[in-house]
1. Need the failing condition index for Ser28 against (1) within 15 Å of the ligand (Cβ to nearest atom); (2) within 21 Å of Lys166 (Cβ to Cβ), just the number.
2. What are the residues in segment 103-140 that are near the ligand (Cβ under 6 Å from one of its atoms) and either surrounded by fewer than 19 Cβ atoms within 10 Å (Cβ to Cβ) or free of Cβ contacts under 8 Å to residues at least 40 places away in the same chain (or both), if any?
3. Might you let me know whether segment 37-45 holds any residue that is open to solvent by 90 Å² or more (accessible area, probe 1.4 Å) and away from the ligand (no atom under 16 Å from the Cβ)?
4. If Ala53 meets every condition in (1) of a type in the set (A, V, I, L, M); (2) touching a residue at least 12 places away in the same chain (Cβ under 8 Å); (3) under 24 Å from Asp87 (Cβ atoms) apart from one, which number is that one?
5. Restricting attention to segment 84-96, does a residue exist that is in contact with a Lys or Arg (Cβ under 7 Å, 6 or more places away or on another chain) and surrounded by fewer than 16 Cβ atoms within 10 Å (Cβ to Cβ)?
6. How do the pairs read when you match residues in segment 147-163 that are assigned to a strand (DSSP E or B) with residues anywhere that are open to solvent by 60 Å² or more (accessible area, probe 1.4 Å), using Cβ under 7 Å and keeping only pairs 6 or more apart or on different chains?
7. Here are the criteria: (1) farther than 25 Å from Ser121 by Cα; (2) within 15 Å of the ligand (Cβ to nearest atom); (3) out of contact with any strand residue (DSSP E or B) (no Cβ under 6 Å at 6 or more places or on another chain). Tell me which single one Leu33 does not satisfy.
8. If we scan segment 6-29, do we find a residue that is more than 25 Å from Gly128 (Cβ to Cβ), surrounded by 17 or more Cβ atoms within 10 Å (Cβ to Cβ) and of a type in the set (D, E, K, R)?
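The values are calculated or read from the model by the stated rules, or taken from the named source; none is laboratory data. Predicted, not measured: the structure shown is a model, and the values here were computed from it. Cβ atoms come from the backbone with ideal geometry, glycine included; neighbour counts cover every protein chain shown. Ligands, DNA and RNA are stripped out before the accessible areas are found, and what is left, the full protein with its side chains, is counted by its heavy atoms. Shrake-Rupley method; radii C 1.70, N 1.55, O 1.52, S 1.80 Å.
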Amino acid sequence: MLTKRFQILDKTMVLRHPRMSDAQGLMSLINSLVREKSDIAKTTQVTLSQEKAWLKDTIKSIQSKDKVMILADLDKKLVGSCEITRDPYDVSRHVGTLGIGIIKEARGIGIGTKLVQETISEAKKKLGLELVKLYVYDSNRVGKSLYEEMGFSEIGRIPKGVYHDKKYKDDIIMTKRL
Ligand SMILES: CC(C)(COP(=O)(O)OP(=O)(O)OC[C@H]1O[C@@H](n2cnc3c(N)ncnc32)[C@H](O)[C@@H]1OP(=O)(O)O)[C@@H](O)C(=O)NCCC(=O)NCCS
């Protein structure tokens, strides 16, 4: 079981694995990103029972080595989550897709960087992945810059691939070889 502690300014950040009791915290996290209309694929809020069902499936996928997921607590409050999910196809079992979200109040202090580093390292060690891909909207300046710093490069884009917050946006595909 992972537990890593970091000091960020006067706060303590802990990176750890998820458990069923995180359903409420994860629901609050995803719903805050939805309300904020942040650049993620989800645009509707979830209920606690939906989140519990999702978390149950997620923990099953982690146990079957099809997913890794790391959560970040800041002074004991769940503020961020990052996961990498193995592709379901026979021909791309060596590939995973990364997703990340952090509450607005906890951004810009390095939590995203630590979460991505740790999640990638677990995906390599535990899942044996060789390639990580992700999708980021061209409007997501901070996301793109974080991924570039982590060694991802843009390998393609789907022009107007998403319709988000009443605007068409390019969907950028980035990859990193592990
Ligand atoms: C994208 C996201 C995960 C970044 O997390 P974060 O904890 O804020 O990132 P960090 O503090 O580790 O910063 C990482 C890099 O991002 C860039 N960055 C962070 N905040 C920034 C800002 N306000 N303006 C410009 N660049 C910024 C910097 O390049 C920074 O590197 P630096 O430390 O060398 O300056 C976070 O903003 C988020 O959850 N956004 C909403 C959801 C989302 O967009 N998810 C990704 C969908 S693809």
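1. Here Ser28 clears every test but (2).
2. Of everything in segment 103-140, those that are near the ligand (Cβ under 6 Å from one of its atoms) and either surrounded by fewer than 19 Cβ atoms within 10 Å (Cβ to Cβ) or free of Cβ contacts under 8 Å to residues at least 40 places away in the same chain (or both) turn out to be Arg107, Gly108, Ile109, Gly110, Gly112, Thr113, Asn140.
3. Among the residues of segment 37-45, not one is open to solvent by 90 Å² or more (accessible area, probe 1.4 Å) and away from the ligand (no atom under 16 Å from the Cβ), which makes the answer no.
4. Here Ala53 clears every test but (2).
5. yes
6. Lys160/Tyr168
7. Leu33 satisfies all of (1) farther than 25 Å from Ser121 by Cα; (2) within 15 Å of the ligand (Cβ to nearest atom); (3) out of contact with any strand residue (DSSP E or B) (no Cβ under 6 Å at 6 or more places or on another chain) except (3).
8. yes
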